[in-house]
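Data block below; observations after.
The values are calculated or read from the model by the stated rules, or taken from the named source; none is laboratory data. Keep in mind that what you see is a predicted model, and the values were worked out from it rather than measured. Ideal geometry is used to build each Cβ from the backbone, glycine not excepted, and the neighbour counts take in all protein chains shown. Only protein heavy atoms, including side chains, enter the accessible area calculation; ligands, DNA and RNA are left aside. Shrake-Rupley method; radii C 1.70, N 1.55, O 1.52, S 1.80 Å.
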Amino acid sequence: MAKPASKTNFVLFDVIYEDGSRRSNRKVPAEILGGLDGDEPARKVIQEQDNEIAKASGKPALLISQILRVGGKKR
């Protein structure tokens, strides 16, 4: 009997950039969050995603001002 494929759980974040723009529901793997760094590892993952998008689009990546966990309290 084969094992079922493991599901990756994601946490969603809204991202606010330094220019005031906002992107919603950015997916970050749940297993990298928590611990002493809390949600801070999500910033790195989202920045890496933004860099890939920027490379594909030919536009520079925006600088992240703030990340907010969807459904979480504003910090």
Could you state the accessible area per residue of the chain in Å², with a 1.4 Å probe and every protein chain left in place?
-> 77
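Quick one: grab the alpha carbon gyration tensor of the chain, order the square roots of its eigenvalues as a ≥ b ≥ c, and give me rounded if a/c is under 1.5, else prolate or oblate depending on whether a/b is larger than b/c. Don't skip to the end; give the middle numbers.
On the way: a/c = 2.37, a/b = 1.42, b/c = 1.66.
In terms of gyration-tensor shape, oblate.
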Neighbourhood net charge (14 Å Cβ-Cβ; Lys/Arg +1, Asp/Glu -1) for ASN9 = +2
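With a 1.4 Å probe and all protein chains left in place, how much of the accessible area of the chain comes from carbon and sulfur atoms, in whole percent? List each step's numbers first, then the result.
Working: 3080 of 5780 Å².
Carbon and sulfur: 53 percent of the exposed surface of the chain.
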Gaussian network model of the chain, Cα springs within a sub-10 Å range: biggest mean-square fluctuation belongs to which of PRO60, PRO29, PRO41?
-> PRO60
Sequence-distant aspartates and glutamates (8 or more away, or on other chains) whose Cα lies within less than 17 Å of LYS7 = GLU31
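If each residue of separation counts as 0.36 nm, what is the full-extension length gain between LYS55 and ASN25 once their alpha-carbon separation is subtracted?
Values: separation 30, 0.36 × 30 = 10.80 nm, distance 2.08 nm.
So the extension gain works out to 8.7 nm.
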Among the aspartates and glutamates, select those whose C-alpha is under 12 Å from the C-alpha of LYS59, and discard any that sit fewer than 8 residues away in the same chain.
-> ASP50
Which one of ASP50, ASP39, ASP19 has the biggest mean-square fluctuation once the chain is modelled by GNM with Cα springs under 10 Å?
-> ASP19
